[in-house]
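This report refers to the structure that appears directly beneath it.
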Amino acid sequence: MTEILDKCKKAKAAAIKLGNISTEIKNKALDAMADALGENSKNIIDANKKDLRAGEKKGLSLALLDRLMLNEKRILGIIDSLDVVKKLKDPVFEVISEWTRPNGLRIQKRRVPLGVIGIIYEARPNVTVDSASLCMKSGNATVLRGGSDAINSNKILAEIISCAAYKVGIPDGSICLIEDTSRKSSEELMGMRGYLDVLIPRGGKNLIQTVIQKAKVPTIETGEGNCHAYVEKTADLKMALEIVYNSKVSRPSVCNAIETLLVDEEIAAKFLPMIFSELKEANVEVRGDKKVLAIDSSIKKATDEDWTTEFLSLILAVKVVKDYKEAVDHINRYGTKHSETIITKDKEAENYFLSYVDASSVYVNASTRFTDGGEFGFGSEIGISTQKLHARGPMGLPELTSYKYVVYGDGQIR
């Protein structure tokens, strides 16, 4: 029996029990997990350093190394996220709706766990804890398969949190980490029909597309973020500067950072030199279209590929557009249905943007960096869905459930 099959069987057996575990026990487990992480922070950082050293030797980009890195501050952030999840309402068995039929049948629509959730992810060890905690609180067992670049970090995190959870009553097998990081193991996991109820990829475009194309179990497409900021002609330019800068520079390696800036032609000559000055100080490489180059000839010319690229680094494509309709057309053509923002004072432009942009999160006068489970009040999200079925946007606890109909009768027959 392979490691994949063995752990998927354990998870499936655990899921039946976990789906009926009380909220009290699940919350005790979250507390125990948080305490254990705090007590073992030095060991976690030491294990993470092994991954960082290996990543540097391998030539990983600065963006990937940033995603991989754990320090005291980030561990405290992970611990805090467990407390947030603990305080969230348990969705399991919530009655979504209820009604009585003319024949006297009383019907309830109740939330239930999905069952076993598989997560395939790359060099982000925090995903190990985020995913396990959200799945456990929503009554789901988890099979985690991280990338080779974070294997030492993932192993110690999974061991710490699973042991802590099992000690307070969470069923053994509820949190499983696949330690085989070969391509063969990921492909085997994608084929675990009958064991996995859903598979969620968290990572770059190549990983997501591979899972979508090869998986034999239901999948949820997440993560890829070719996000845009559009500065409309009536925008408060000071506000626009702050939003664009934050959306790109605060953390360029994440999926909710913008990759393209669109600017109305009526204000381009005034606004672009202002934002370019700030971006250059932050070492952002700007790539612009012909109209941008006419304003600043030092800018690198953008290629067609730049409009479709999720850079995940300090690179920003910039285009001048005629109006908000052209901006929306560009976004819907090149975007990945993740997060888009408009900076404007014009209600007509605002309403058009909100109505016609096809994305999971659409903003007015705010940074795209808020597309995040914690910022939305969900706790740590298991991913940001860019599809429409069954969940969209940051996926918190309710998005990790399905439902079933419970029907009460007193002898009715048909």
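Test N43 against the stated conditions and say whether it is over 20 Å from D172 (Cβ atoms) and either buried (at least 17 other Cβ atoms within 10 Å of the Cβ) or in contact with a His (Cβ under 9 Å, 6 or more places away or on another chain) (or both).
Working: over 20 Å from D172 (Cβ atoms): yes; either buried (at least 17 other Cβ atoms within 10 Å of the Cβ) or in contact with a His (Cβ under 9 Å, 6 or more places away or on another chain) (or both): no.
So N43 does not fit the description; no.
Kindly indicate whether V116 is farther than 28 Å from Q213 by Cα, modelled with pLDDT of 95 or more and among the β-branched types (V, I, T). So V116 does not fit the description; no. Got at least one residue in region 228-239 being more than 25 Å from D358 (Cβ to Cβ), touching a residue at least 40 places away in the same chain (Cβ under 8 Å) and acidic (D, E)? Within region 228-239, one or more residues are more than 25 Å from D358 (Cβ to Cβ), touching a residue at least 40 places away in the same chain (Cβ under 8 Å) and acidic (D, E). Tallying residues that are surrounded by fewer than 24 Cβ atoms within 10 Å (Cβ to Cβ) and either outside the structural domain of F93 (by TED's automatic domain parsing) or touching a strand residue (DSSP E or B) at 6+ places or on another chain (Cβ under 6 Å) (or both) within region 145-161 yields 1.
Only one of D180, D130 is closer than 18 Å to N40 by Cα, acidic (D, E) and out of contact with any strand residue (DSSP E or B) (no Cβ under 6 Å at 6 or more places or on another chain). Can you tell me which?
Working: D180 fails: closer than 18 Å to N40 by Cα.
The conditions single out D130.
For region 188-199, check the following and say yes or no: at least one residue is in a helix (DSSP H, G or I) and buried (at least 22 other Cβ atoms within 10 Å of the Cβ). Step through it out loud before you land on a result.
So in region 188-199, the residues in a helix (DSSP H, G or I) come out as 188-190.
From what's left, buried (at least 22 other Cβ atoms within 10 Å of the Cβ): 189-190.
Checked region 188-199: at least one residue is in a helix (DSSP H, G or I) and buried (at least 22 other Cβ atoms within 10 Å of the Cβ).
Restricting attention to region 291-312, the residues that are touching a residue at least 40 places away in the same chain (Cβ under 8 Å) and touching a Pro at 6+ places or on another chain (Cβ under 9 Å) total 2. Residues satisfying the criterion are present in region 273-285 (criterion: more than 31 Å from the chain's Cα centre (by Cα), assigned by TED's automatic domain parsing to the domain that holds T336 and of a type in the set (A, V, I, L, M)).
Give the residues of region 368-385 that are surrounded by fewer than 23 Cβ atoms within 10 Å (Cβ to Cβ) and in contact with a helix residue (DSSP H, G or I) (Cβ under 9 Å, 6 or more places away or on another chain), sorted by residue number.
At the first step, the residues of region 368-385 found to be surrounded by fewer than 23 Cβ atoms within 10 Å (Cβ to Cβ) are 369-370, 372, 374-378.
Result: R369, G374, E375, F376, G377, F378.
From the list L105, L88, the one residue that fits, being over 27 Å from I16 (Cα atoms), in the same structural domain as K9 (by TED's automatic domain parsing) and touching a Phe, Trp or Tyr at 6+ places or on another chain (Cβ under 9 Å), is L105. Is it true that some residue in region 79-101 is within 21 Å of the chain's Cα centre (by Cα), surrounded by 13 or more Cβ atoms within 10 Å (Cβ to Cβ) and free of Cβ contacts under 8 Å to residues at least 12 places away in the same chain? Yes, region 79-101 contains at least one residue that is within 21 Å of the chain's Cα centre (by Cα), surrounded by 13 or more Cβ atoms within 10 Å (Cβ to Cβ) and free of Cβ contacts under 8 Å to residues at least 12 places away in the same chain.
The values are calculated or read from the model by the stated rules, or taken from the named source; none is laboratory data. Just so we're clear, the structure is a prediction, and the values are computed from it rather than from any experiment. Cβ coordinates were reconstructed from backbone atoms using ideal geometry, including for glycine residues, and neighbour counts include every protein chain displayed.
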